[in-house]
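**Q** To start, I am sharing the structure in question, which I have written as structure tokens.
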Amino acid sequence: MHENLVREEFDTGLGKIRLEIKGRLASQGLYGTVRDIEIGPTSTEPSGITIELLVKGRTAERSFNRGQIEGCRLRVGGEVLSAIISMVDEVRA
């Protein structure tokens with residue numbers, strides 16, 4: 001049961017991050033692909049994730065650790081939000 005809760009917090013945070021990226025892209029009139037690649041062991045608990053954003057042939061990529069992702073399970077903020085904003089600016093330019 002504990003394993004499911006830990007993975008649920010990670011997946012919820014990742015989902016919020018993906019929605020934040022897509023929302024910021026849409027507000028700029030952009031649409032693209034958001035891909036995530038798990039970092040670390042292939043077991044049920046990855047140590048982090050690399051998010052890749054592809055818009056009109058331009059790519060931006062950032063890595064986040066497990067704590068940062070789980071910290072976004074309620075609301076995306078802090079370093080993660082700053083990284084998302086810079087990713088969107090990178091592909092928009």
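**Q** So if we plug the beta-carbon distance of residue 5 and residue 74 into 1/(1 + (r/R0)^6) with R0 = 22 Å, what FRET efficiency do we get, rounded to 0.05?
**A** 0.90
**Q** Excluding ligands, DNA and RNA, what is the solvent-accessible area per residue of the chain at a probe of 1.4 Å, expressed in Å²?
**A** With the other protein chains kept in place, the chain gives 59 Å² per residue.
**Q** Separate question: Assuming a viscosity of 1.567 mPa s and a temperature of 4 °C, what translational diffusion coefficient in µm² per second does Stokes-Einstein assign to segment 42-93, Rh being the Kirkwood radius over Cα pairs?
**A** The diffusion coefficient I find is 108 µm²/s.
**Q** How big is the dipole moment of segment 10-93 about its Cα centre under a simple scheme where the beta carbon of each Lys and Arg is +1, that of each Asp and Glu is -1, and everything else is neutral? Debye, nearest 20, please.
**A** Charge dipole, segment 10-93, about its Cα centre: 340 debye, nearest 20.
**Q** What list of ³J(HN,Hα) values in whole Hz, one per residue of segment 54-65 in order, does the Karplus curve 6.51 cos²θ - 1.76 cosθ + 1.60 (θ = phi - 60°) give from phi, with Gly and Pro shown as x?
**A** These are the phi-based 3J(HN,Hα) values: 10, 9, 6, x, 9, 10, 10, 9, 9, 10, 10, 8 Hz.
**Q** Can you find, among 64, 14, 25, the residue sitting farthest towards the positive end of the charge dipole of the chain, where Lys and Arg contribute +1 and Asp and Glu -1 at Cβ?
**A** Working it through, the farthest residue towards the positive pole turns out to be 25.
**Q** Run the accessible area of the chain with a 1.4 Å probe and give the carbon-and-sulfur part as a rounded percent.
**A** It is 51 percent, rounded to a whole number.
**Q** Ok, one more. Using each residue's phi in segment 28-33, evaluate 6.51 cos²θ - 1.76 cosθ + 1.60 at θ = phi - 60° and report the 3J(HN,Hα) Karplus result to the nearest Hz, with x for Gly and Pro.
**A** Values per residue, Gly and Pro as x: 9, x, 10, 9, x, 10 Hz.
**Q** Please report the base-10 log of the normalised intensity I(q)/I(0) for the chain, using a Debye sum with one equal scatterer per alpha carbon and no solvent, at each q in 0.10, 0.17 (1/Å).
**A** Listed by q, the Debye log ratios stand at -0.25, -0.68.
**Q** In degrees between 0 and 90, to the nearest 10, how far off the longest principal axis of the chain does helix 2-27 point, with axes built from Cα atoms?
**A** Between the helix axis and the principal axis of the chain, the angle is about 10 degrees.
**Q** Tilt of helix 78-92 relative to the longest C-alpha principal axis of the chain, in degrees (0 to 90, nearest 10)?
**A** The two axes meet at around 30 degrees.
The values are calculated or read from the model by the stated rules, or taken from the named source; none is laboratory data. Since the structure is predicted, the reported quantities are computational estimates derived from the model, not experimental observations. A quick note on method: Cβ atoms are made from the backbone with ideal geometry, for glycine too, and the neighbour counts reach across all protein chains shown. With ligands, DNA and RNA removed, areas are computed over all heavy atoms of the protein, side chains included. Shrake-Rupley method; radii C 1.70, N 1.55, O 1.52, S 1.80 Å.
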